[in-house]
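The values are calculated or read from the model by the stated rules, or taken from the named source; none is laboratory data. These figures come from a predicted structure and were not determined experimentally. As a convention, Cβ positions derive from the backbone with ideal geometry for all residues, glycine included, and neighbour counts pool all protein chains shown. Heads up: the accessible areas ignore ligands, DNA and RNA and are worked out on the full protein's heavy atoms, side chains in. Shrake-Rupley method; radii C 1.70, N 1.55, O 1.52, S 1.80 Å.
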Amino acid sequence: MTTYLITGATRGIGLELTRQLAAKPATEVYQIFAGARSSPSHFPPDFQTLLREHASRITPVQLDVTDENGVRRAAQSVSEALQGRGLDVLINNAGVMGRGSLEEMNDLTESFEVNVNGPHLVTREFLPLLRRGQAKKIVNISTTVGSFGLQSLYREAKSQSYKITKAALNMLTVLYSQELEKEGFAVFCVSPGWLQTELGGARADLPVDVGVRATLDIILNKGKEGNGRFFNIHIPGWDKGWNRYDGGESPW
């Protein structure tokens, strides 16, 4: 019976991760802590519905990844709720994506706060609970758009701050994987693909449920052998072209 914490759980990929995990039997998923930047009175309708459907298994946690003291309070809240149990899986999902040319970029500081410093703060503050967990798994939701090795493919994608900060998140992942390897952790990145969310837009490649299902397949099935690696989802028929969902590893 595994326990999860998901940041950015009220919409998009985070909401779908929460929904699909909550649909699994209790013998597989015991408790999901859904990190929410907004207060309960401002939860999006889809998230409120999900909470009502799974009130005993989904616990909302006030969690703004840019607020260091708030992250610390969230860790204390989750610790109290677990009553001595450990946290098994942390999914650092919360993120922002700006658009525009390089010269127009004026959101780099904000993007670093959310996309890089946020996962660092959350990982650091929840480490004591993760060390008591069984799975000892930290998953950072990244993107192949942030890959140095694939920039020739994504040169025309005008999301510069997103590219820069996701590349930095990838390095953060490698550093944590090295730091925690001897303790039996699995710290890795997953690129969930270009999904039809509010962030990804209606023109994106895949429905969010399809991309998240493939993402969860990696999260659930990769163990210590996945430590320090960068995984791409597998979607049959998407093995070639601009966005390749071939199920392999992505270059850093």
Worksheet item: Out of the residues in the range 69-112 that are surrounded by 16 or more Cβ atoms within 10 Å (Cβ to Cβ) and among the charged types (D, E, K, R), which is farthest from ARG37 (Cα to Cα)?
Response: ARG85
Discussion item. Looking only at the range 105-131, how many residues end up being among the hydroxyl-bearing types (Ser, Thr, Tyr) and under 15 Å from ILE141 (Cα atoms)?
Written reply: 2
Worksheet, complete the sentence: If we keep only residues of the range 118-170 that are closer than 27 Å to GLY70 by Cα and polar (S, T, N, Q), then the residue most open to solvent (accessible area, probe 1.4 Å) is GLN134
Worksheet item: Could you say which residue among GLY226, GLY211 is closer than 21 Å to ASP246 by Cβ and surrounded by 22 or more Cβ atoms within 10 Å (Cβ to Cβ)?
Response: GLY211
Worksheet item: Which pairs have Cβ atoms under 6 Å, sit 6 or more apart or on different chains, and link a residue in the range 201-226 that is closer than 23 Å to THR2 by Cβ to one that is open to solvent by 10 Å² or more (accessible area, probe 1.4 Å) and small (Gly, Ala, Ser)?
Response: GLY211/GLY193
Worksheet item: Does LYS240 satisfy the criteria of being open to solvent by 60 Å² or more (accessible area, probe 1.4 Å) and of a type outside the set (A, V, I, L, M, F, W, C)?
Response: yes
Worksheet item: Would you say ALA186 is touching a residue at least 24 places away in the same chain (Cβ under 8 Å), of a type in the set (Gly, Ala, Ser), buried (at least 22 other Cβ atoms within 10 Å of the Cβ) and touching a helix residue (DSSP H, G or I) at 6+ places or on another chain (Cβ under 7 Å)?
Response: yes
